[in-house]
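Right, one structure below, let's go through it.
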Amino acid sequence: MLNIEELFQETGALQKGHFLLTSGLHSDTYLQCALVLQYPQLAQKLAEVMAAKLGDEKIDVVVGPAMGGVTWAYQLGLTLGCRAIFTERSEDVMTLRRGLSIAQGERVLVAEDVATTGGSAQEVVRLMEGRGAIVVGVALIVDRTAGALDFGVPYYSICQLEPQTWNRGNCPLCQAGKPFDKPGSRNK
């Protein structure tokens, strides 16, 4: 059995401190999935765990939001035997670029590494549905809400955690004058 928390600790992906998350929330815990996914053999093990959770679900394409979902989507696509693409922001709007496209009726799995509010994955779900795709679910490595997310479609996670998060005004680390790190991919 794959122990995700142990894997994150061993690779340095589970970090403690004061962090400004991509969601805009503050936390004392950060999960840097890139430190795990940089090892293809570990990424493969994670993808195999997710594939087992998905069962016989038919998936035509896996779509991940840049940055965190790109490697994860690619590994899931490889494991599931389907196409893998990514979305990215253009003028702060999630979009498909670089000639990537979705066909009407394609069955899409949205892949995101870590979700706190699920905002980026939700944007991808809406984009895919707006393009006529059938979104069969969202695949997360880590759900930071311990099951409280709502994407409007089923979602699957390998690991559910519930580390402390705060709005900036309520953050005890800010109140203590501790500077924060901003390791995420979006400016907030």
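Since every read-out is calculated from the coordinates, none of them should be taken as a lab result. Just so it is clear, the model here is predicted, and its values are computed rather than measured. Counting neighbours? That spans all protein chains shown, and the Cβs are built from the backbone with ideal geometry, glycine included.
Considering only DSSP beta bridges whose two residues both sit in segment 12-175, what percent are antiparallel, to the nearest 5? The partial results should precede the final answer.
Working: 10 of 31 bridges.
DSSP beta bridges in segment 12-175 are roughly 30 percent antiparallel.
With +1 on each Lys and Arg Cβ and -1 on each Asp and Glu Cβ, how big is the dipole of the chain about its Cα centre, in debye rounded to the nearest 20?
Values: 17 positive and 20 negative charges, 94 e Å.
Around 440 debye, computed over the chain.
Can you give the angle from 0 to 90° between the axis of helix 40-54 and the longest principal axis of the chain, with both taken from C-alpha atoms, to the nearest 10?
Between helix and principal axis, roughly 70 degrees.
What is the helix-to-structure angle for 68-80, meaning the angle in degrees between its Cα long axis and the longest Cα principal axis of the chain, kept from 0 to 90 and rounded to the nearest 10?
40 degrees
Taking the number of other C-beta atoms within 10 Å as the exposure measure, put 72, 166 in order starting with the fewest. Write down the numbers at each step before the final one.
Details: 72 29, 166 15.
Ordered by Cβ neighbours within 10 Å, fewest first: 166, 72.
Taking the Cα atoms of segment 12-175, what is the range of coordinates along each of the three principal axes, in descending order and whole Å?
50, 35, 27 Å, listed from the longest principal axis down.
Using a Cα distance threshold of under 26 Å, what count of lysine pairs results for the chain when pairs must be 8 or more residues apart or interchain? Can you show the working numbers first?
Values: 16/45; 16/178; 16/182; 16/188; 45/53; 45/58; 178/188.
So the count works out to 7.
Please report the relative contact order for the chain, taking Cα pairs under 8 Å with a sequence separation of at least 6, and give it as a percent rounded to a whole number. Please list the in-between numbers first.
Numbers: 371 pairs, mean separation 44.0, N = 188.
Relative contact order for the chain comes out at 23 percent.
Excluding residue 145 itself, calculate the net charge of residues whose Cβ lies under 14 Å from the Cβ of residue 145, where each Lys or Arg counts +1 and each Asp or Glu counts -1. Write out the running numbers ahead of the final one.
On the way: positive: 144; negative: 112, 143, 150, 162.
Its environment carries a net charge of -3.
Summing +1 for each Lys or Arg and -1 for each Asp or Glu, what net charge is found among the other residues whose Cβ lies under 12 Å from the Cβ of residue 46? Please report the intermediate quantities before stating the final value.
Details: positive: 45, 53; negative: 48, 113.
Charge balance near residue 46 sits at 0.
Could you run the Karplus curve 6.51 cos²θ - 1.76 cosθ + 1.60 with θ = phi - 60° over segment 87-101 and give me ³J(HN,Hα) per residue in whole Hz, x for Gly and Pro?
These are the phi-based 3J(HN,Hα) values: 9, 8, 8, 10, 6, 6, 10, 5, 8, 8, 9, 6, x, 6, 8 Hz.
Around residue 11, under 14 Å between beta carbons, what's the net of Lys plus Arg minus Asp minus Glu among the other residues? The partial results should precede the final answer.
On the way: positive: 45; negative: 5, 6, 10, 113.
Around residue 11, the surrounding residues sum to -3.
How much of the DSSP bridge set in segment 9-100 is antiparallel, in percent, rounded to the nearest 5? Mind dumping the intermediate values first?
On the way: 8 of 13 bridges.
In segment 9-100, DSSP labels about 60 percent of beta bridges as antiparallel.
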